1. Given charges of +1 on the Cβ of Lys and Arg and -1 on the Cβ of Asp and Glu, with all other atoms neutral, how large is the dipole of the chain about its Cα centre, in debye to the nearest 20?
2. Among Leu122, Leu77, Leu161, determine the one that fluctuates most according to a GNM of the chain built with springs between C-alpha atoms less than 10 Å apart.
3. Expressed as an acute angle from 0 to 90° and rounded to the nearest 10, what is the orientation of the C-alpha long axis of helix 44-61 relative to the principal long axis of the chain?
4. Mind putting together the pair-distance distribution for the chain? All Cα pairs, 10 Å bins, whole percent per bin, short to long.
5. Can you tell me the Rg and Dmax of segment 76-121, counting just the alpha carbons, in angstroms?
6. Excluding same-chain residues fewer than 8 positions from Lys123, which aspartates and glutamates have a Cα within less than 19 Å of its Cα?
7. Could you state the per residue volume, in Å³, of the convex hull enclosing the Cα atoms of segment 42-100?
8. Among Ala50, Leu166, Ile86, whose Cα lies farthest out toward the positive end of the dipole of the chain, if unit charges sit on the beta carbon of Lys, Arg (+1) and Asp, Glu (-1)?
Amino acid sequence: MNVYHIFITHNRAWSKREIIVFALIMLGAVIVLGVLTADNKIRKIQAAAALGLLVFLGIVLGSTVFTREPGNREYELMPFWSWKKIFFYGNMGLLQENLLNCILLMPMGCLLPVIMGHQVKLKNAFAAGLMCSALIEVSQLVFKRGLFEWDDMIHNSLGCLLGCFLVNIIVKKKYSD
């Protein structure tokens, strides 16, 4: 099953109400970031990265929680259960899912150093990814919109860390030249 098929299978179109709420959140963010930029408290690139992160997180939350059809409350509380199925039963579908979960929050990790205007400690990037992923997983559990699992939180956090690591290298080279 390819990523596009997964996306259209699990997600419905956004409702008018969801679009309006997201647009209002974006408008508020644009105003706040515009004021901060005008007051020289942040640079334009930081404001653009913050808006990019907001759009990205809206899409992620929309596709992982809010546009999914409700089902049963499902959870898997055993950490690394997916790796057990991969190694012992050869479940390549779970391997693909784990890799996609690592990639999911990688853009967030890439944007963190840009938003901050300097390198970000990897433990902080991991913590940011963990908080974001926990929001997604708990929302899935509460709203019955997917499987709550520790593995997703671990993989998402590692992806955020990896994205931050890669951009930290670029930021370091930029300021060391």
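1. 440
2. Taking springs between Cα atoms under 10 Å, the residue moving most is Leu77.
3. On a 0 to 90 degree scale, this one is about 20.
4. Histogramming the chain at 10 Å steps yields 10, 31, 35, 19, 6, 0 percent.
5. 15.2, 45
6. The reachable aspartates and glutamates, counting only those whose Cα sits under 19 Å from Lys123, are Asp151, Asp152.
7. Measuring per residue, one finds 143 Å³ for the Cα hull of segment 42-100.
8. Of the listed residues, the answer is Ala50.
Bear in mind that the values in this text are calculations on the coordinates, not laboratory data. Values in this document were obtained by computation on a predicted structure and should not be read as measured data. Cβ atoms come from the backbone with ideal geometry, glycine included; neighbour counts cover every protein chain shown.
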